[in-house]
Structure formats: structure tokens, C-alpha cells
Amino acid sequence: MKTKRILSFSIVIAFIFIILYTILASRPLGKEYSFSPDWIIDVTDPQISDITPDTESIYFKFGQSMGYFTKDGEISLFKSFPVKAAISDNYYALYTTEAENFPFFDNRGNQQGIIKASGFPFFNEDRIYVFLPGGGSFSTCNSQGDVIWTCENTIPITAFSSNENHTVCGYADGTIKVFGNSDGNVEINFVPGGSDYSVLYGLDISPDGQYVASVSGLERQRFVLAHKEDNQPKIIFHSFLNSDLTRRTFVKFSSDGKRVFYNYQDNLGIYDLEKNKNYTIPVNSKILNIEEADDLYFLLGKNNNEYTVYVIEKTNILEGSFSFTADSAFIKTYDNIIFVGKDSTISRITIKKE
């Protein structure tokens, strides 16, 4: 019998009604998809389950607690942390503001190694980074925590992203640098420009490493999409935005590299690389992250303490959304399942294509 804490039947029924009503009331999803809520678990006082070595774990992080759960709702690891923590589906670390030579662990709680650097760790899937004191430099580490290479700079880092083969970094002076993950060599170095004041607020690189997308500048802030041609960037699309945000901004390619999503004031932009066409969707949120399931994109947005999940189909049209109030939240997907985290609860909803 699964060792998990299940909320009362009446709360489950109420939750199902609210989720389905808010999705369908905001905009009909049509007859192709249906959403089936499966369960809700509460991690306030979790019962830890032993799972087999080949069971995939999904991470969660709420306030000052974090851990891993399975697609069946079993909590496999739970940690409270008093200061800071970094976590991905592969690794986690607890650290302080003076972290140096500190241990990190795999998703089963076994010590993986010692990060041999001083700074703030960041895990992106199985990639390990440490942002060094001063704000302009970072190191990459191998799976034991040894430093592979370091990029040193005196200009503050304002945007950062990576994929399996590349790391891309944006700076306060408007510079974008693309590094090869294996050796740290700079493959592209350019400034999108086009604004009175150059600074990078959002940045991502496509899965194949051929495209770089960014939101940059002040006083004519703009979105720029560049293509790598002979290790030189060629801007293939740009659009001036109707805002000058002064915070980090969401920019993210889809997993197949066919679309790039970017967030600006009260809007979500989508550039479709297959159609060479830009789309705009009004949203009243700061977009935090994106997850994919089946043929749908799920984006989590936040406006004060109201979170909204936006559902977008591959027609680049907003098909529905639902909102809830929380102090912290997340979304994750697994195959045709979406998990919604809210404060201390995690719910699972199965997406069915009919």
C-alpha cells in the first residue's frame, strides 16, 4: 500500500470541481483533450517511501522545504533547509551564504560529491554550476563536484541558461556569450543592441545550439532571435516591446526548438520558427516556467500571490487557464501528466486525448 497522505474525499472532490470549472470557464479546450484529476498529497508531514533504483523522481520545492516524489504520489525524500538550497531532478545541495567546498547529493539522498568552489550552486538537470562571488563569474563542475572550467568577468551576470551542449550567459553591458559545455570555449560573442541602454534580462539557446533568443535593453526594449552562421550571429527577427521591464524576464525554447516563448509587460510572445511568424497572447502574470505534455504547453505565471497556469496548444493559441492563490507553487509534467504544486500540496492531473 502506498505510504502517502491523502486529503479527505470531500476536499478532493472540491478540488476536482474547481480545477475543471476554472479550465473550462476561462476558455473551452474543445473535444480533443480532457483533464482527469487523480490524487492530491500533502508534504507537510510526509511518510517517506522506499522506491526501486529505476523509479524516476521529480523534485519539489516549497518555501523552506524540498524533496522528491514519484508519478504515483510517493514521497521518496524530504528535506527542510534553514538558509538556502538548490535542487534539480538529479541533484540537490543545502548551503549557506558563505558556501565553500560543500557536499551535494543525488535524488536518493546519497552524497554525490563535494563542490570544490566558493559561491552559489545551480543545478540544471544533471549540469552543475557555481556562481562565484562578485556576480560576474561562474564555474561548471563534473558529477563529482570538480571544476571543469571557469568563466571570469567583472561585468554582472543578468541572464543565464544552458542545455546539454551549450551554456549561454548575458551581462549587464548587453553582451551575450555562448560557451561549449565540454571545454568552455566561447563559440559566439555579440551584443543584440538596438536600445539606448544595453542589458540582458532574459536569454535562452535552442536545443541544437543554432539559435539564441533574448529580451534586452532599456528605452526601446526588444526581443531578438539570432541564428548562428559560421560562428557568427545573424539576427533573423526582432521586435520592439511595449514595456521596459527592469527584472529578469522569461525566455525559453520549446524542447523541439520549433518555438521560443518570451514574456514582457502583460504579454506572452511566441515566435514560431517553422512559420517564421510572431504571436502575442495577453497574460496578466510574470511567467515563471514552462512544461510540455502531449501536444500542449503549460506555463506558470504569478501576479502577487495569484498563480495562473496557461494552456497553449501547438497552434500557438491560448486554449485555457486556471488560477489559484498560494505563497509558493510549481508545475511539472511527466508524459501525459501534469503535477501542480500549491504551498504544501501536490496534485496530479492526467491529460487524455479523445
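The values are calculated or read from the model by the stated rules, or taken from the named source; none is laboratory data. In this text, all values refer to a predicted model and were calculated from it rather than measured experimentally. Glycine gets a Cβ as well: all are built from the backbone with ideal geometry, and neighbour counts include every protein chain shown. Ligands, DNA and RNA are stripped out before the accessible areas are found, and what is left, the full protein with its side chains, is counted by its heavy atoms. Shrake-Rupley method; radii C 1.70, N 1.55, O 1.52, S 1.80 Å.
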Considering only strands (runs of 3 or more DSSP E) wholly within segment 55-115, the ones with at least 2 residues that are among the aliphatic types (A, V, I, L, M) are 75-80, 84-87, 91-95
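Given the criteria open to solvent by less than 90 Å² (accessible area, probe 1.4 Å) and modelled with pLDDT of 90 or more, does Ser57 qualify? Spell out the reasoning first.
Values: open to solvent by less than 90 Å² (accessible area, probe 1.4 Å): yes; modelled with pLDDT of 90 or more: yes.
For Ser57, the condition - open to solvent by less than 90 Å² (accessible area, probe 1.4 Å) and modelled with pLDDT of 90 or more - is met.
Among the residues in segment 315-329, are any farther than 21 Å from Ile41 by Cα, part of a strand (DSSP E or B), in contact with a helix residue (DSSP H, G or I) (Cβ under 7 Å, 6 or more places away or on another chain) and open to solvent by 10 Å² or more (accessible area, probe 1.4 Å)?
Quick first cut of segment 315-329, residues farther than 21 Å from Ile41 by Cα only: 315-321.
Those still in the list that are part of a strand (DSSP E or B) too: 318-321.
Next cut, in contact with a helix residue (DSSP H, G or I) (Cβ under 7 Å, 6 or more places away or on another chain) only: 320-321.
Subsequent filtering for residues that are open to solvent by 10 Å² or more (accessible area, probe 1.4 Å) retains 321.
For segment 315-329, residues farther than 21 Å from Ile41 by Cα, part of a strand (DSSP E or B), in contact with a helix residue (DSSP H, G or I) (Cβ under 7 Å, 6 or more places away or on another chain) and open to solvent by 10 Å² or more (accessible area, probe 1.4 Å): present.
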Residues being more than 26 Å from Tyr68 (Cα to Cα) and either open to solvent by 10 Å² or more (accessible area, probe 1.4 Å) or not in a strand (DSSP E or B) (or both) - total across segment 119-143
6
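Yes or no, residue by residue, for (1) part of a loop (DSSP other than H, G, I, E, B); (2) open to solvent by 30 Å² or more (accessible area, probe 1.4 Å); (3) in contact (Cβ under 8 Å) with a residue 60 or more places away in the chain:
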position: Lys234; (1), (2), (3): no, yes, no
position: Asp244; (1), (2), (3): yes, yes, no
position: Arg247; (1), (2), (3): yes, yes, no
position: Gly269; (1), (2), (3): no, no, no
position: Glu274; (1), (2), (3): yes, yes, no
position: Ile281; (1), (2), (3): no, no, no
position: Glu291; (1), (2), (3): no, yes, no
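Determine, yes or no, whether Arg259 is among the basic types (Lys, Arg) and open to solvent by 60 Å² or more (accessible area, probe 1.4 Å).
no
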Matching residues, segment 223-232, being at pLDDT below 95 and either open to solvent by less than 50 Å² (accessible area, probe 1.4 Å) or of a type in the set (A, V, I, L, M, F, W, C) (or both)
Lys228
How many residues are surrounded by 15 or more Cβ atoms within 10 Å (Cβ to Cβ) and either in contact with a Lys or Arg (Cβ under 7 Å, 6 or more places away or on another chain) or more than 23 Å from Thr70 (Cβ to Cβ) (or both) when one looks only at segment 99-118?
6
Given the conditions (1) within 21 Å of Ile317 (Cβ to Cβ); (2) crowded, with 18+ Cβ neighbours inside 10 Å; (3) modelled with pLDDT of 50 or more, and given that Ile23 satisfies all but one, which numbered condition is not satisfied?
(3)
When you go through (1) modelled with pLDDT of 95 or more; (2) in contact with a Gly (Cβ under 8 Å, 6 or more places away or on another chain) one by one for Glu319, which number turns out not to apply?
(1)
Hey, among the residues in segment 160-204 that are touching a residue at least 40 places away in the same chain (Cβ under 8 Å) and in contact with a Cys (Cβ under 7 Å, 6 or more places away or on another chain), which one's least open to solvent (accessible area, probe 1.4 Å)?
Gly184
Take the residues in segment 331-354 that are outside any strand (DSSP E or B) and not small (Gly, Ala, Ser), then tell me which one is most open to solvent (accessible area, probe 1.4 Å).
Glu354
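State all residues of segment 213-232 that are farther than 23 Å from Pro282 by Cα and either assigned to a strand (DSSP E or B) or of a type in the set (D, E, K, R) (or both); if no residue qualifies, say none.
Our first condition is that a residue be farther than 23 Å from Pro282 by Cα; within segment 213-232, this holds for 226-232.
Selection gives Ala226, His227, Lys228, Glu229, Asp230, Gln232.
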